[in-house]
Every structure is written in structure tokens, then in C-alpha cells.
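Heads up, the thing below is written out as C-alpha cells.
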Amino acid sequence: MGANGSSISELPENEYLKKLSGPEAISENDPFWNQLLSFSFNTPTNSAELKLLEEAAISVCKSLVGNNPRTGNLAALIKVFLSRTKELKISAECQNHLFIWQAHNALFIICCLLKVLVCQMSEEELQLHFTYEEKTPGSYGSESEDLMEELLCCLIQLIVEIPLLDITYSISLEAVTTLVVFLSCQLFHKEILRESIAHKYLMHGRCLPYTSRLVKTLLYNFIRQERSPPPGAHVFQPESDGGGLLYGIASGVATGLWTVFTLGAAGSKRIPPQEESSPLANQSLLLLLILANLTDAPDTPNPYRQAIMSFKNTQDSTALPSPNPHAFQINFNSLYTSLCEQQNSDQATLLLYTLLHQNTNVRTYMLARTDMENLVLPILEILYHVEERNSHHVYMALIILLILTEDDGFNRSIHEVILKNITWYSERVLTEISLGSLLILVVIRTIQYNMTRTRDKYLHTNCLAALANMSAQFRSLHQYAAQRIISLFSLLSKKHNKVLEQATQSLRSSLSSDGSPLPDYAQDLNVIEEVIRMMLEIINSCLTNSLHHNPNLVYALLYKRDLFEQFRTHPSFQDVMQNIDLVISFFSSRIEQAGAELSVERVLEIIKQGAVALPRDRLRKFPELKFKYVEEEQPEEFFIPYVWSLVYNSAVALYWNPQDVQLFTMDSG
């Protein structure tokens with residue numbers, strides 16, 4: 001690096017990097033720093049170059065680790081950066097491009113070095129490298145004891161105080177990325193880290209007062225989705241078409257250096273469009289999720305989670321002051337719009353889940369929206385394309401639906417929203433359908449997919465819970481939705497008969513067996529009977545509460561009435577079958593009286609008339625079906641590996657060697 005051009009392959013032999021990592025101590029006032037930070041750099045364009053850059057950083061770090069206890073050059077580099085950040089805000093206001101450019105370069109080098117150090121040593125060893133100064137070997141300087149905290153605090157100040165302009169975009173992104181790197185020690189531990197040094201600094205001391213401002217800034221970065229400034233919009237124009245470019249922010253910062261490292265296997269997957277267009281928004285969201293899922297300190301709850309749980313709407317003039325010291329206000333309309341637009345990414349869906357589950361202000365606002373289809377449709381599309389999504393993304397989408405269906409107002413309103421031409425639903429042309437009916441179709445499709453592929457009982461339970469929550473409010477069900485409800489019951493019935501037959505054969509075999517273990521069909525039978533009962537309760541709930549609103553469901557029920565015959569006398573279903581049996585008998589009788597060879601339209605007319613004539617008191621009342629989502633007892637065991645798997649696979653963070661990562665297996669994300 002330095003004033004001359006550098007290619008990736010030349011980095012280990014670069015004279016400035018060799019001096020930085022070498023045995024000679026460099027004073028903070030040495031002109032060397034201006035030379036080092038005025039470097040040229042060609043942006044990596046393929047996976048081979050990305051890997052070379054990683055290896056180059058490791059080579060420099062290896063030398064630095066050996067010499068830093070005597071030279072203190074890492075601390076000197078950090079102090080040079082810290083001194084320059086004091087003028088960043090003024091530099092941005094005065095359009096001092098060169099000053100910002102060099103500050104960015106300093107932070108970029110620090111980030112690259114830290115990434116390798118975090119991967120290769122413990123936090124205690126890393127902290128020790130922050131304390132080495134140019135004194136006798138191994139000595140410590142009292143004024144440097146908190147240099148790590150000072151750097152962390154400086155990064156947070158940079159994020160929250162520097163205005164986001166074309167010339168500051170790169171350094172803002174680099175600050176967010178460096179904070180991610182500081183916290184990435186979690187990647188290299190199999191167990192959940194509960195008390196790390198970075199945790200301590202972020203939750204106490206100088207960083208703590210910036211909690212709400214940091215969370216607010218990261219949220220606004222996500223909301224704004226600011227694109228990378230185009231090359232040429234920053235400082236200098238390229239001096240030539242080849243070799244090294246005078247690397248101002250113009251020659252490729254926006255499209256280059258901060259995407260130099262790619263998390264996950266380099267070049268192994270296409271960069272999602274939203275990450276290409278707004279790396280700052282994506283990286284800010286990842287950092288926000290990391291902070292939100294830090295474990296509580298022994299004496300202090302996670303302040304970042306508290307801030308996320310308590311922020312309010314800027315448009316809410318009635319909002320009372322919050323007792324939470326980390327509370328703030330943000331524009332809910334802008335937040336809602338961005339969440340609706342970004343649900344094709346795991347991290348945006350996880351943020352939506354976090355806000356709906358933990359922030360009552362956000363949940364109340366969203367449930368009061370009159371355009372809920374803008375939020376629900378992207379969630380349904382995630383579930384519809386279950387084969388293309390990872391299991392965590394599908395799970396989050398489903399839990400979001402479950403949380404929404406806990407609200408009766410939501411369950412009523414979704415049947416009032418009429419949609420036209422749902423192009424992504426390919427099983428059948430849906431020219432016009434209510435949002436409620438579409439939701440039912442997608443959830444049922446998810447259940448059927450799960451029955452034939454993953455066979456996850458927990459997924460089944462949550463799908464059925466969402467249907468159960470909605471069942472009393474079913475209104476004007478689309479004929480196809482009504483058919484699919486009965487078709488699902490038919491599928492369950494066939495599966496029940498098959499398992500029952502297998503259990504009977506197994507029992508016969510056991511009488512003449514040689515003592516070898518037999519499959520536990522009794523457990524399988526119990527599971528399938530639980531699901532069947534749940535489906536019967538859902539149908540019963542609809543008939544009991546909204547029979548006159550759903551002639552298509554009654555029609556589908558009558559058309560497949562033989563399916564229910566075997567369950568009339570079954571001890572597990574007798575009670576819930578009473579109303580279903582009554583409805584089938586009542587409407588069958590009225591249709592028979594009307595004569596033979598009736599058209600579909602005539603049958604539906606008879607059903608509508610009969611729904612008015614059927615005395616309500618003849619239907620037995622059951623307790624209302626209501627299921628609430630309850631987070632697991634130790635949610636961090638799920639969410640922390642999930643968040644870091646998103647970081648690992650992100651296209652705008654850093655490259656990690658898969659062999660070093662221990663928090664999760666490579667196929668778990």
C-alpha cells in the first residue's frame with residue numbers, strides 16, 4: 001500500500017505493510033502514516049483474488065503479532081485513526097475529501113488486521129495487543145489500557161454522528177463492519193459467549209450512553225436503503241486505465257473495498273440484489289441483530305434489546321415518556337414500508353419477527369394498518385417457496401403469521417382485502433381471492449409439504465395454531481380454499497388409516513416374533529390423531545362461529561362427507577364430531593328434499609338458505625381456539641447461531657475460513 005499502486009499478490013511484499021508489521025517502532029507523528037494511508041488498490045473481482053487478499057492479511061498479521069509486543073505499532077495505527085476521527089464531522093461539512101479518504105484507509109487496515117487477530121487468538125490475547133507500546137518489550141502503558149474501549153466508542157460515535165454523504169458512505173460502512181468484526185469472536189466458539197470483553201465494553205462505561213442513538217441510526221440505515229455512491233462521485237478520478245488506481249473513494253470504494261471480503265465460501269453464491277445496492281443497509285441490519293441478541297450481562301439486561309423493545313413512533317403525539325433510558329422515537333411508516341419491501345432476506349424477516357414479538361408499540365401500529373397485504377404477501381411468498389428457503393427463514397415467517405393471527409381484528413380484516421392475479425401462486429389461477437383465503441391456502445400447502453418432506457412436528461403445530469386462531473373469523477372462503485381444507489383432512493385420514501394398519505400388522509407380528517425391536521407405531525398414531533383432532537376443531541370452530549358466512553366450506557364438507565364417517569364413533573373425536581355431523585345431516589336432508597341433479601349454484605343457494613334456518617342453539621359451544629406464540633426457554637441457543645450464520649453468508653461482510661468457524665455446521669445456515 002502507500003502512494004503507489006498495489007495488486008493483491010503484492011500485498012505481503014508491500015514495503016509499507018512490511019514496515020507496519022516489522023520490528024521497527026513507528027511514532028504516531030511519523031510521516032510514514034500519511035504514506036501508508038494514501039494507498040492504491042485494485043478491487044478484487046473473483047474468488048481467487050478474495051482468497052489471496054485473505055492470505056495476504058494473514059501474512060502481515062503473523063509478522064505483526066510477533067513484533068507488536070516490542071513495537072506497539074498496532075496501538076500506534078489505532079491512535080493515528082482516533083486522532084483523525086476527531087475532525088471527521090468538520091471534514092464532512094467542509095467536503096475535505098482527502099482527510100476522510102485517509103481516515104477510511106486507516107480503518108480499513110485496522111478492520112483487516114482485527115479480523116485475522118480475532119480469528120486466531122483469544123479475546124484476552126487480542127486485548128493485550130492493544131496495550132503494547134513503544135517501551136521495553138512487554139511493558140504496558142496506563143494510558144493505553146482502555147484503547148480497545150476507546151476504539152469501540154469511537155466507531156459508535158462515527159456511526160451516529162457523521163452525516164451520511166457520498167464522501168462518508170465508505171467510512172460509515174467500514175465502522176459498522178469493524179464493530180461486527182469485534183463481536184465475531186462468537187463465530188469461533190461452539191458455546192454461546194455470555195461474558196466477552198467486547199460485551200463488557202458495549203454494555204457498560206463509555207459506550208452505554210450511545211445505545212439508543214446507535215440502534216436508531218442502524219434502523220434508519222436499514223430504512224433508507226442508501227445505495228453505494230457510483231465510482232467517480234467521491235474524490236479523485238482514476239489516473240489511468242490499468243495498474244493501480246490512485247485510490248480515492250472515487251476509484252472503487254463504493255463498489256470495491258468494503259466488498260473485498262465475502263463471508264462464506266468466496267464466490268460460491270450470487271450476491272442478493274439488495275446487498276449489491278445497499279451494503280450499508282444490509283450490514284447495519286446485521287449489526288443490529290447481533291447487538292439485539294447479545295446475552296444479558298450478569299448485572300445488566302442487554303441495553304440494545306431494551307432499546308429495540310421500547311422505541312416509539314415519531315407520529316404518536318400521545319406517547320408518554322418511557323421509563324427505559326434507552327427509549328427513542330422513529331418514523332413507523334418508513335419502517336413499515338422498508339420491512340414490507342425487504343422480506344426476501346432472512347435478516348429483514350428476523351427483524352420483523354423481533355419487532356412484532358418484543359415491541360408492543362410496533363405490533364399495535366402494524367395491526368392497525370389498513371394495507372396489511374403489503375406485509376403479509378411477502379411472508380406468504382416465503383412460505384410458498386419453502387423449497388428454496390432455508391428452514392430458519394420459513395420458521396420465522398410462520399411465527400410472524402402466528403403472532404399476527406393472535407389478533408381478532410387482523411383475522412377479520414384479512415377476509416375483507418380482495419387480491420387479484422396472484423402470479424406467484426402456480427397451482428391454480430387465482431384471478432380474485434381474499435387475503436384470508438390465500439393465507440389459508442399457503443399455510444395448508446406448507447403443512448402438506450412438511451408431511452411429505454421434513455416431517456417437523458413443531459412446524460405442523462405452528463401452522464395448525466395459525467389456522468385455529470383464524471378459524472372463528474373465516475369469512476367468505478374462496479371455494480378453492482374450502483376444498484383444500486377438506487383435502488388436507490382427507491390426506492390426514494388416509495395417513496391415519498395407513499399407520500393404523502401398520503400398527504395392527506406390527507402387533508400381529510409381535511405375537512410370533514423372535515424378540516427383535518419393533519417400530520413404535522403407537523407414537524406415530526398419537527401424533528397423527530392429534531393433528532386430525534386439531535383439523536376437526538378448526539372446521540368445527542368455523543361452522544359454530546361463522547356458518548352463514550362460509551357456504552363454500554359447507555359445500556366441500558358435503559361433497560366429501562364420507563371422509564368423516566369413520567371418526568363419528570372414534571373415542572378421540574366423538575365430541576368435536578357432533579357439530580360437523582349435525583351440519584352434514586341437516587344440509588344433506590335439505591338438498592335431498594330439493595330433488596336430484598342440482599347445479600352447483602342451486603346447491604349453494606340451498607346452503608345459504610339453510611344456514612339462516614339452522615337454529616344456532618343446536619350447535620354445541622366449545623372453548624374458543626386461541627394459541628399464543630411462546631418463545632423457547634433459552635432462545636439464544638437458536639437465535640445467536642442463526643444471526644451469525646446470516647453474517648457468515650452475507651455478501652457485504654468479511655471472508656471467514658470455513659475451517660475456523662465452530663458456532664454452527666456449514667450446512668446449518
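The values are calculated or read from the model by the stated rules, or taken from the named source; none is laboratory data. In this text the structure is predicted, and so the values were computed from the model without any measurement. Here Cβ is always computed from backbone atoms with ideal geometry, including for glycine, and neighbour counts include all displayed protein chains. Protein only, heavy atoms only, side chains kept; ligands, DNA and RNA dropped before computing areas. Shrake-Rupley method; radii C 1.70, N 1.55, O 1.52, S 1.80 Å.
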In segment 310-409, which helices (runs of 4 or more DSSP H) lie fully inside it and hold 2 or more residues that are open to solvent by 50 Å² or more (accessible area, probe 1.4 Å) and under 27 Å from THR211 (Cβ atoms)? 332-341, 360-367
Just checking: which of the helices (runs of 4 or more DSSP H) contained wholly in segment 1-119 hold 1 or more residues that are at pLDDT below 80, of a type in the set (Asp, Glu) and open to solvent by less than 20 Å² (accessible area, probe 1.4 Å)? 47-71
Inspect all residues belonging to segment 469-485 and state whether any of them is under 24 Å from ILE399 (Cβ atoms), at pLDDT 95 or above and touching a Phe, Trp or Tyr at 6+ places or on another chain (Cβ under 8 Å). yes
VAL442: modelled with pLDDT of 95 or more, open to solvent by 10 Å² or more (accessible area, probe 1.4 Å), closer than 21 Å to ARG369 by Cβ and not small (Gly, Ala, Ser), yes or no? no
Are there any pairs with C-beta distances below 7 angstrom linking a residue in segment 656-667 that is among the hydrophobic types (A, V, I, L, M, F, W, C) to a residue that is at pLDDT below 70, with the two at least 6 apart or on different chains, and if so which? TRP656/LEU263
Against the definition (in contact (Cβ under 8 Å) with a residue 60 or more places away in the chain and either under 46 Å from the mean Cα position of the chain (by Cα) or surrounded by fewer than 16 Cβ atoms within 10 Å (Cβ to Cβ) (or both)), how does ALA594 come out, yes or no? no
Within the group LYS608, LYS621, LYS628, which residue is under 30 Å from LEU402 (Cα atoms), at pLDDT 90 or above and open to solvent by 90 Å² or more (accessible area, probe 1.4 Å)? LYS628
Would you mention how many residues in segment 535-587 are assigned to a helix (DSSP H, G or I) and either polar (S, T, N, Q) or open to solvent by 30 Å² or more (accessible area, probe 1.4 Å) (or both)? 24
Taking the criterion of being over 19 Å from LEU126 (Cβ atoms), in contact with a helix residue (DSSP H, G or I) (Cβ under 6 Å, 6 or more places away or on another chain) and of a type in the set (Gly, Ala, Ser), would at least one residue in segment 176-188 satisfy it? no
Would you call GLN448 under 37 Å from the mean Cα position of the chain (by Cα), at pLDDT 95 or above and not β-branched (Val, Ile, Thr)? no
Of all residues in segment 466-485 being among the aliphatic types (A, V, I, L, M) and surrounded by fewer than 21 Cβ atoms within 10 Å (Cβ to Cβ), which is farthest from the chain's Cα centre (by Cα)? ALA472
Looking only at segment 200-226, how many residues end up being under 18 Å from GLN127 (Cα atoms), in contact with a Ser or Thr (Cβ under 9 Å, 6 or more places away or on another chain) and open to solvent by 20 Å² or more (accessible area, probe 1.4 Å)? 1
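Let's see how each residue does on (1) among the basic types (Lys, Arg); (2) at pLDDT 95 or above; (3) over 17 Å from LEU582 (Cβ atoms); (4) in contact with a helix residue (DSSP H, G or I) (Cβ under 8 Å, 6 or more places away or on another chain):
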| site | (1), (2), (3), (4) |
| --- | --- |
| VAL499 | no, no, yes, yes |
| GLN502 | no, no, yes, yes |
| GLN505 | no, no, yes, no |
| ASP520 | no, no, yes, no |
| LEU547 | no, no, no, yes |
| LEU553 | no, yes, no, yes |
So which residues in segment 410-429 are more than 14 Å from PRO378 (Cα to Cα), under 27 Å from the mean Cα position of the chain (by Cα) and loosely packed, with under 14 Cβ neighbours inside 10 Å, if there are any at all? SER426
Can you name every residue in segment 447-498 that is not hydroxyl-bearing (Ser, Thr, Tyr) and not in a helix (DSSP H, G or I)? ARG453, ARG455, ASP456, ALA472, GLN473, PHE474, ARG475, LEU477, HIS478
Show the residue pairs meeting these rules: Cβ distance below 9 Å; 6+ apart or different chains; first residue within segment 505-526 and over 29 Å from THR461 (Cβ atoms); second residue at pLDDT below 55 and open to solvent by 70 Å² or more (accessible area, probe 1.4 Å). SER509/LEU518; SER510/LEU518
Taking the options LEU158, LEU173, LEU164, name whichever one is at pLDDT 90 or above, under 21 Å from the mean Cα position of the chain (by Cα) and over 27 Å from PRO298 (Cα atoms). LEU173
